[in-house]
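Just below is one structure, and these are the notes that go with it.
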Amino acid sequence: MPIFSTSANYYDTLTILIATKKNICMPKFEFVKIVNVDRDLIFEISTNYENFTKILPNYFEKLEIVEKSEKNTKIYETINFLGRTATVLTEHVVIKPDRHIVTMLDGPAKGSSFDETYEKIGIKTKITIKVDFILHGSLKLLGIFAKGKIKTQMNNVMNEFVDYAKSNSN
């Protein structure tokens with residue numbers, strides 16, 4: 001069900017899908033936002049991992065880059081999500097100027113991915129994030145019963161990135 005908000009000069013469209021994979025229900029989300037921020041600026045901010053703890057301190061407690069090449073970066077991230085704190089190894093793949101793919105390599109959401117695309121639309125940017133949560137252990141039930149909370153938290157994170165980008169676009 002789409003959600004529209006004009007209070008911040010952009011439209012939010014959020015869709016929640018439940019998919020079956022290996023007979024286990026996994027939450028899949030697709031976020032689409034059209035924002036009044038230059039694509040190159042929002043892309044730079046969303047792929048500048050070193051600043052995540054400054055941009056989103058409520059979500060990213062600590063980041064440690066363990067391996068970095070031109071397109072791939074592996075990071076130990078201590079994150080807060082849905083009232084839980086976890087340290088996970090993630091891989092970030094950056095395909096400039098418009099794609100960022102994050103995959104969780106371990107932990108209770110191992111195999112989950114966030115596939116972000118940034119598309120210029122005139123002076124605006126269309127951001128699409130496809131989220132595929134693959135939950136293990138006791139988190140399987142969390143994914144099924146807390147999809148509303150997951151949707152809200154993911155949308156809040158996205159809004160904070162956009163707000164930060166807008167405040168740095170001057």
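Figures for the structure shown
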read-out	value
Answer from Lys68, Lys74, Lys54 - the residue that is out of contact with any Ser or Thr (no Cβ under 6 Å at 6 or more places or on another chain) and exposed (fewer than 11 other Cβ atoms within 10 Å of the Cβ)	Lys54
Per-region count, region 33-53, residues over 14 Å from Glu77 (Cβ atoms) and either of a type in the set (D, E, K, R) or at pLDDT below 90 (or both)	5
Residue match in region 62-82 (condition: under 16 Å from Val32 (Cβ atoms) and among the aliphatic types (A, V, I, L, M))	no
Test for Tyr164: is it surrounded by 15 or more Cβ atoms within 10 Å (Cβ to Cβ) and under 12 Å from the mean Cα position of the chain (by Cα)	no
Any chance Pro108 is outside any strand (DSSP E or B), surrounded by fewer than 17 Cβ atoms within 10 Å (Cβ to Cβ) and touching a strand residue (DSSP E or B) at 6+ places or on another chain (Cβ under 9 Å)	no
Unmet requirement for Lys74, which otherwise passes all of (1) assigned to a strand (DSSP E or B); (2) modelled with pLDDT under 95	(2)
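Here's the yes/no breakdown for (1) in contact with a helix residue (DSSP H, G or I) (Cβ under 6 Å, 6 or more places away or on another chain); (2) modelled with pLDDT of 95 or more; (3) not small (Gly, Ala, Ser):
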site	(1), (2), (3)
Thr87	no, no, yes
Ile101	no, yes, yes
Gly107	no, no, no
Glu119	no, yes, yes
Gly122	no, no, no
Thr125	yes, yes, yes
Ile129	no, no, yes
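The values are calculated or read from the model by the stated rules, or taken from the named source; none is laboratory data. The model shown is predicted, which means the values in this text are computed figures rather than measured ones. Don't worry about glycine lacking a Cβ; one is built from the backbone with ideal geometry, like all the others, and counts go over all protein chains shown.
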